[in-house]
Amino acid sequence: MISAAGERRFQVLADAQAVATEAANHLIARTEAQIRPAICLTGGSGPKALYALLGSPSWRSRIPWDRVHWFIGDERFVSAGDPLNNMAMAKSIFLDACAPPENIHPVPTDAPDPDQAARLYEHELQTFYGAHRLDASKPLFDLVLMGLGPDGHTASLFPGDKALDEAERWVVGVDHAHVEPFVPRVTLTLPALDSSREMLFLVTGDAKRDILSKITSGADLPGARAHSNGVTTWLTDAAAAGRTA
């Protein structure tokens, strides 16, 4: 079922695998529509089923790997080989086996500190985009994948953090995470994440029921403040939505 909530569309599916399948269809449709598609991935456990699907034999042939560029919405400030590294997770599940290395754009966590890593990544995004200012008529990303934390955070934009109000920079360092793992982060800001043809939230499981209810009730949380300049779609399963499948 799809319902409207302001600028957001909510689709409730049977289970987490159904969410992954629907997300894969959205992603593939976006890559087919552009000459040089840009996809912004998300970390954590939420997208693992989706990433496994994209790398599977029955799905990988549907993606124009030579044309698609892969970015990450936020990163833990740990080494590229650390198990906590978000892009390393995506690479191990599907990118390394499918995508040309030059099309994968990780956050440079070998920088001296999160803020310098953020500035380097911002420069990489601006080089790819071809400008230093975002134009509402020219989205930075074709699709942005997003998750929702138990406190309502999305990417590494936490409730009450000053990064939520950043209007100029595309990427910032976050010194203190509000949830585990308690490591510094690098995150895209709302203006950069919103510069997309579609923003796709993936929210599954009983543990997300309370926070999703707050979002749909209009609570002022980071997950509610993030929305694409184009289409914002929330894919949830019956468990997160508090419904019987």
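The values are calculated or read from the model by the stated rules, or taken from the named source; none is laboratory data. Worth saying up front: this structure is predicted, and the values here are computed from it rather than measured. Positions of Cβ are generated from backbone atoms using ideal geometry, with glycine treated the same way; all protein chains shown enter the neighbour counts. SASA here: full protein model, heavy atoms, side chains in, ligands and nucleic acids out. Shrake-Rupley method; radii C 1.70, N 1.55, O 1.52, S 1.80 Å.
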For this session: Please state which of the following conditions Thr236 fails to meet, knowing it meets all the rest: (1) within 25 Å of Asp142 (Cβ to Cβ); (2) free of Cβ contacts under 8 Å to residues at least 40 places away in the same chain.
Result: (2)
For this session: Report, by residue number, each residue of region 95-113 that is open to solvent by 70 Å² or more (accessible area, probe 1.4 Å) and either part of a loop (DSSP other than H, G, I, E, B) or closer than 17 Å to Trp170 by Cα (or both).
Result: Asp110, Pro112
Exercise. Across region 19-33, which residue is farthest from Lys208 (Cα to Cα) among those that are open to solvent by less than 30 Å² (accessible area, probe 1.4 Å) and aliphatic (A, V, I, L, M)?
Worked result: Ile28
Exercise. Based on what the data block shows, is Glu198 open to solvent by 30 Å² or more (accessible area, probe 1.4 Å) and either within 22 Å of Arg76 (Cβ to Cβ) or not basic (Lys, Arg) (or both)?
Worked result: no
Exercise. Yes or no: Ile28 under 18 Å from Thr233 (Cβ atoms) and in a helix (DSSP H, G or I)?
Worked result: yes
Problem set entry | Matching residues in region 79-94 - criterion: being open to solvent by 20 Å² or more (accessible area, probe 1.4 Å) and of a type outside the set (S, T, N, Q) | Ala80, Gly81, Asp82, Pro83, Leu84, Ala88, Met89, Lys91, Ile93
Exercise. Would region 131-154 turn up any residue that is aromatic (Phe, Trp, Tyr), farther than 14 Å from Gly223 by Cα and either in a loop (DSSP other than H, G, I, E, B) or free of Cβ contacts under 8 Å to residues at least 24 places away in the same chain (or both)?
Worked result: no
Problem set entry | Per-region count, region 114-159, residues open to solvent by 30 Å² or more (accessible area, probe 1.4 Å) and hydroxyl-bearing (Ser, Thr, Tyr) | 2
Seminar exercise, completed: Among (1) modelled with pLDDT under 95; (2) in a loop (DSSP other than H, G, I, E, B); (3) over 21 Å from Met199 (Cβ atoms), Pro64 falls short only on (1)
For this session: Could you grab me the full set of residues in region 178-192 that are surrounded by fewer than 19 Cβ atoms within 10 Å (Cβ to Cβ) and closer than 19 Å to Leu221 by Cα?
Result: His178, Val179, Glu180, Pro191
Exercise. Is it the case that Phe158 is within 30 Å of Ala219 (Cα to Cα) and touching a His at 6+ places or on another chain (Cβ under 6 Å)?
Worked result: yes
For this session: Please verify whether region 41-55 includes one or more residues that are open to solvent by 10 Å² or more (accessible area, probe 1.4 Å) and more than 17 Å from the chain's Cα centre (by Cα).
Result: yes
